[in-house]
Amino acid sequence: VQLQASGGGLVQAGGSLRLSCAASGRTFMSYAMGWFRQAPGKEREFVAAVSWSGRSTYYADSVKGRFTISRDNAKNTVYLQMDSLKPEDTALYYCAASGLRVGSGDQSQYNYWGQGTLVTVSS
């Protein structure tokens, strides 16, 4: 599976962005999908995950209530809608695919990673 993330950019605090991650291949539905982020000088951390069907979602406490993960299996795409953005959300955002069909916050469960898209939130 090859993953291509897009949609990052510069936004003011309180604003919104929608990230997309397009996957190649016909086995997209076999994978749970996740979003992770890495801020400058920090380790990569879990943001959100969605099961293969899209019925189950999981969020880091820091983004719960502000971010929404979803997927469109017909389009081989997973999305991350980010609202009420804060400066601390500034990071390089990665999408990833897990061979486990249930989403997880454990990075070791993800087999494939996209190249990352940069989100910068100004105060």
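Tell me whether the stretch 53-61 contains one or more residues that are open to solvent by less than 60 Å² (accessible area, probe 1.4 Å), without any contact (Cβ under 8 Å) to a residue 60 or more places away in the chain, closer than 17 Å to Arg37 by Cα and of a type in the set (D, E, K, R). Checked against the condition, which is being open to solvent by less than 60 Å² (accessible area, probe 1.4 Å), without any contact (Cβ under 8 Å) to a residue 60 or more places away in the chain, closer than 17 Å to Arg37 by Cα and of a type in the set (D, E, K, R), the stretch 53-61 yields no hits at all.
What are the residues in the stretch 40-64 that are part of a strand (DSSP E or B) and over 12 Å from the mean Cα position of the chain (by Cα), if any?
none
Here Tyr58 clears all of (1) at pLDDT 95 or above; (2) closer than 17 Å to Gln115 by Cα; (3) not small (Gly, Ala, Ser) except the condition numbered (2).
Scanning the stretch 1-27 for residues that are of a type in the set (A, V, I, L, M, F, W, C) and within 13 Å of the chain's Cα centre (by Cα), we see that the one that is most open to solvent (accessible area, probe 1.4 Å) is Ala22. Would you check if Ala74 is of a type in the set (A, V, I, L, M, F, W, C) and modelled with pLDDT of 95 or more? Considered against the rule, which asks whether it is of a type in the set (A, V, I, L, M, F, W, C) and modelled with pLDDT of 95 or more, Ala74 comes out as no. Scanning the stretch 34-85 for residues that are under 18 Å from Val102 (Cα atoms) and of a type in the set (Val, Ile, Thr) gives Val47, Val50, Thr57, Thr68, Ile69, Thr77, Val78.
Here the stretch 110-123 is the region considered, the condition is being open to solvent by 60 Å² or more (accessible area, probe 1.4 Å) and part of a strand (DSSP E or B), and the residue that is nearest to Thr68 (Cα to Cα) is Leu118.
Scanning the stretch 65-109 for residues that are part of a loop (DSSP other than H, G, I, E, B), open to solvent by less than 60 Å² (accessible area, probe 1.4 Å) and over 18 Å from Gly9 (Cα atoms) yields Asn73, Asn76, Gly99, Gly103, Ser104, Gly105. Go through the residues of the stretch 28-44 one by one and say whether even a single one is of a type in the set (Ser, Thr, Tyr) and open to solvent by less than 40 Å² (accessible area, probe 1.4 Å). Yes, there is a match, as at least one residue in the stretch 28-44 is of a type in the set (Ser, Thr, Tyr) and open to solvent by less than 40 Å² (accessible area, probe 1.4 Å).
The values are calculated or read from the model by the stated rules, or taken from the named source; none is laboratory data. No experiment lies behind these values; they were computed from the predicted model shown. Note: ideal-geometry Cβ built from the backbone for every residue, glycine included; neighbour counts use all protein chains shown. Heavy atoms of the whole protein, side chains included, go into the accessibility calculation; ligands, DNA and RNA do not. Shrake-Rupley method; radii C 1.70, N 1.55, O 1.52, S 1.80 Å.
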